[in-house]
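The structure under discussion appears below in the form of structure tokens.
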Amino acid sequence: MNDKQIIDYVQDMIVDNLAKRDFWREIFTIKNDKTNKELLAHIEGLIELFTKAKEILENIGGKNE
């Protein structure tokens, strides 16, 4: 994927997730933000969320066996 495709893909993932939860104002803001600051803020939040989820799963380790 080229740079634009990557950004479009990530934006679509975030927008789809927000749409499932009826956050229409956030979607509008992301779609119309020419600076991409809103999209970047959501990406940074997701990185923190995924990092925490990874830590949780790694700490569970073999406890589910």
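The values are calculated or read from the model by the stated rules, or taken from the named source; none is laboratory data. Only a predicted model underlies this, so the values are computations on that prediction, with no experimental measurement involved. Neighbour counts are summed over all protein chains in view; Cβ atoms, including those assigned to glycine, are modelled from backbone coordinates with ideal geometry. Areas reflect the complete protein model, heavy atoms only, side chains present, ligands, DNA and RNA absent. Shrake-Rupley method; radii C 1.70, N 1.55, O 1.52, S 1.80 Å.
Quick grid of which residues meet (1) among the acidic types (Asp, Glu); (2) without any contact (Cβ under 8 Å) to a residue 40 or more places away in the chain; (3) in contact with an Asp or Glu (Cβ under 6 Å, 6 or more places away or on another chain); (4) within 14 Å of Met13 (Cβ to Cβ):
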site: Ile30; (1), (2), (3), (4): no, yes, yes, yes
site: Thr35; (1), (2), (3), (4): no, yes, no, no
site: Leu39; (1), (2), (3), (4): no, yes, no, yes
site: Gly45; (1), (2), (3), (4): no, yes, no, yes
site: Glu48; (1), (2), (3), (4): yes, yes, no, no
site: Ala53; (1), (2), (3), (4): no, yes, no, no
site: Leu57; (1), (2), (3), (4): no, yes, no, no
site: Ile60; (1), (2), (3), (4): no, yes, no, no
site: Lys63; (1), (2), (3), (4): no, yes, no, no
Does segment 16-65 hold any residues that are open to solvent by 60 Å² or more (accessible area, probe 1.4 Å), closer than 22 Å to Lys4 by Cα and within 15 Å of the chain's Cα centre (by Cα), and which are they?
Asp16, Asn17, Glu26, Lys31, Asn36, Lys37, Glu38, Leu40, Glu44, Ile47
